[in-house]
1. From a point 7 Å beyond the Cα of residue 220 in the direction of its Cβ, which residues of the range 291-307 have a backbone N at a distance under 17 Å?
2. For the chain, what is the accessible area per residue in Å² when the probe is 1.4 Å?
3. Work out the charge dipole of the chain with +1 on the Cβ of Lys and Arg and -1 on the Cβ of Asp and Glu about the Cα centre, then indicate which of 300, 355, 540 is farthest towards its positive end.
4. So how exposed is residue 144, as accessible area in Å² (1.4 Å probe, rounded to 10)?
5. Give, as ranges by residue number, the residues of the range 146-189 whose backbone N falls under 16 Å from the point 7 Å along Cα→Cβ of residue 404.
6. Would you be so kind as to identify which of 196, 280, 317 lies farthest towards the positive end of the dipole of the chain, taking Lys and Arg as +1 and Asp and Glu as -1 on Cβ and the Cα centre as origin?
7. Would you mind checking which residues have amide H under 5 Å from residue 343's amide H? H placed 1.01 Å from N; only 5 or more apart, or other chain.
8. Tell me the accessible surface of residue 243 in square angstrom (1.4 angstrom probe, heavy atoms of protein chains only), to the nearest ten.
Amino acid sequence: MKQSQLFIPTMKENPADADCASHRYLYRAGFIRQNAAGIYSYLPLGHKVLQKIQAIIREEMNRTGAQELLMPAIQPAELWHETGRWDVYGPELMRLKDRHGRDFALGATHEELITSLTRDFLNSYKKLPMTLYQIQAKYRDERRPRFGLLRGREFLMKDAYSFHSDEVTLDQSYETMFQAYKNIFNRCGLDFRAVIADSGAMGGKDTHEFMALADVGEDTIAFSSGSEYAANIEMASVMDTVSPTNEPVQVLDTGDYDRSDEKEIHVSFFTTGSTYVAVYSRGQDEVNDVKVKNLLEADVLDDVDASELTFDVLNPGDVEVLADQGLKAVVNGFIAGTNGEVQHYNVNPERDLGIESFSDVRMIQEGDPSPDGHGTIQFAQGIEIGQVFKLGTKYSEAMGAEFLDENGKSKPLKMGCYGIGVSRTLSAVAEQYHDDDGLKWPVSIAPFHVHVIAVNPKKMEQMELAESIYKDLDKQGHEVLLDDRKERAGVKFADADLIGCPVRVTVGKRAAEGIVEVKIRATGESFESQASEVIHTIAQYLN
Ligand code: 9G3
């Protein structure tokens with residue numbers, strides 16, 4: 001393709017509202033343009049990369065036996081009423097009325113749609129399991145769209161849904177998708193972790209999120225330096241490494257006592273809406289409220305200020321008491337009141353606080369041993385680019401999606417759902433593959449493989465040699481961008497670095513001698529080569 005005829009509006013300066021590297025460079029290199037907050041156009045270069053990511057996703061999805069279909073982005077409100085979600089979601093769910101005044105939602109996700117589409121057909125165990133997927137625009141009216149494509153209000157998602165008669169095939173589909181996701185993100189060149197996550201409002205139990213490591217990522221993940229263990233920070237289990245101490249146990253509230261940090265017993269209060277909860281933890285540890293909520297199997301868990309309730313640690317009454325396993329190391333501890341004065345001392349949790357058992361309710365910390373026993377925990381920021389859920393029967397029950405089992409008994413379908421943020425993946429790659437000069441695309445999804453630059457197109461020998469290299473590379477099946485613009489050399493080189501094709505061939509002063517310069521964008525390495533050999537050299541590098 002000749003660059004002089006392409007729509008690639010590169011820019012020298014950073015757009016004012018670009019708030020992260022990928023946003024800056026995708027904009028400046030002419031891959032995207034914003035049409036409204038969180039709403040973007042993918043210009044030809046951005047579209048090429050998006051297409052290559054989709055092709056990788058389709059290959060891996062089809063290999064799992066999943067069937068592609070395409071559902072509407074506009075969804076009748078009736079479906080969302082069936083599951084009650086019309087009223088669960090607020091302004092984030094974009095809604096509109098048609099000319100007859102009927103309510104519709106712009107699809108934020110498609111559980112309702114796919115279940116309504118399949119419930120009449122998937123009525124027998126003989127037809128199960130079945131997995132369907134689409135790649136489609138999604139709409140979520142984020143309060144604060146930012147970071148370019150990373151948090152948009154219209155974005156491209158691959159969403160897949162699997163239907164099962166039993167947990168066994170649901171588990172199999174989950175594993176199959178898990179592996180397919182690893183293949184997809186590896187082929188896109190991403191440095192990612194599959195982290196144990198909290199299923200949150202989605203119901204169901206197992207869920208993993210795929211996180212691309214990047215400082216701009218909004219999620220904090222805890223991962224092991226010595227194994228594949230990785231978890232969302234609020235889900236990371238803490239290894240119980242407490243060994244009992246042989247310190248003599250003092251009598252409660254008598255004698256002298258030690259007010260050091262490791263002797264402090266901290267009390268935090270929560271409410272599940274129906275009961276108050278007191279959580280004991282060591283002073284230096286942070287209570288992980290997601291773990292408390294999951295342990296209590298509560299739907300909601302809110303903080304409660306200590307002053308709101310009269311609570312006597314020695315007589316908890318009907319307040320639910322939880323204690324973090326770290327307290328097993330505390331002997332003769334002390335409990336301080338809200339204004340810092342010591343309320344009780346020489347406290348021994350099991351003897352004095354009515355604690356029958358200890359739980360894992362604290363936030364993991366960097367340096368903790370990995371809960372799988374291999375390596376130690378490190379933190380990193382991650383961009384959520386994919387998630388896999390075991391949904392269970394939450395949607396099939398709400399929507400009467402039932403099948404007859406082998407005994408003729410009617411049962412609700414079990415479901416799984418699996419999402420990939422396609423436009424987010426593009427941005428995540430840009431976050432991981434750039435330098436101060438611009439983007440550095442992996443070969444697998446680069447908009448073009450080779451960028452050939454005729455430094456001075458007015459010079460016949462340069463233009464002709466550039467054209468012949470372009471043609472030879474094209475004949476070899478490589479995708480080549482030929483910069484034939486009548487621009488200064490500096491502008492061309494700067495644009496080539498911005499756009500970030502893996503290989504650049506510069507045809508300049510030494511064209512008459514048949515000598516060109518090759519530059520590898522990923523490493524910055526550049527060398528001169530005979531034009532006659534450059535095709536072979538490039539073919540070797542690209543393959
Ligand atoms: C909504 C709005 C926002 C939402 C949802 C619904 C997130 C919603 C969770 C999912 C779960 C999976 C299928 C593909 C993989 C993810 N944000 N979720 O359901 F109405 Cl406004 O989307 N869905």
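1. 291-292
2. So the chain comes to 45 Å² accessible per residue, rounded to a whole number.
3. Looking along the dipole axis, the top candidate is 540.
4. 150 Å²
5. none
6. 196
7. Here 335, 336, 337 satisfy the definition.
8. Looks like 80 Å² after rounding.
The values are calculated or read from the model by the stated rules, or taken from the named source; none is laboratory data. Not measured: the values here are computed from a predicted model. As a convention, Cβ positions derive from the backbone with ideal geometry for all residues, glycine included, and neighbour counts pool all protein chains shown. When the accessible area is computed, the model is the full protein with side chains, heavy atoms only, and any ligands, DNA or RNA have been set aside. Shrake-Rupley method; radii C 1.70, N 1.55, O 1.52, S 1.80 Å.
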